[in-house]
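Only one structure is covered here, and it is reproduced in the block below.
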Amino acid sequence: MTLDDVAAHLGKPRSWVYGNWRREEIPFRKVGQALRCRPRDLDQWLDAQGAE
């Protein structure tokens, strides 16, 4: 998933996701200059946050 995909999935602005991905420990990986996230990793992260 791209940064935009994650923002849409979380219902947050792109700027919030980019600004908080390290602090919130969103499971991004850098691929070149881009951030990418696997859908299953994001779902696991959400479960750990207590989100539904």
Residue that is most open to solvent (accessible area, probe 1.4 Å), among those in the stretch 32-52 that are under 11 Å from residue 10 (Cβ atoms) and outside any helix (DSSP H, G or I): 49
Test: residue in the stretch 20-31 that is among the acidic types (Asp, Glu) and not in a helix (DSSP H, G or I): yes
Failed condition for residue 1, given (1) open to solvent by 70 Å² or more (accessible area, probe 1.4 Å); (2) assigned to a loop (DSSP other than H, G, I, E, B): (1)
Residues satisfying the stated conditions in the stretch 2-36, i.e. in contact with a Lys or Arg (Cβ under 7 Å, 6 or more places away or on another chain) and hydrophobic (A, V, I, L, M, F, W, C): 3, 7, 28
Given (1) open to solvent by less than 40 Å² (accessible area, probe 1.4 Å); (2) of a type outside the set (Phe, Trp, Tyr); (3) in contact with a helix residue (DSSP H, G or I) (Cβ under 7 Å, 6 or more places away or on another chain); (4) not in a strand (DSSP E or B), number of the condition residue 9 does not satisfy: (1)
Condition check for residue 41: at pLDDT below 95 and not β-branched (Val, Ile, Thr): no
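The values are calculated or read from the model by the stated rules, or taken from the named source; none is laboratory data. Quick caveat, the model's predicted, so the values are computed rather than measured. Using ideal geometry, Cβ is built from the backbone for each residue, glycine included, and neighbour counts are taken over all protein chains shown. Each accessible area value is taken on the protein alone, full model and side chains, heavy atoms only, with ligands, DNA and RNA left out. Shrake-Rupley method; radii C 1.70, N 1.55, O 1.52, S 1.80 Å.
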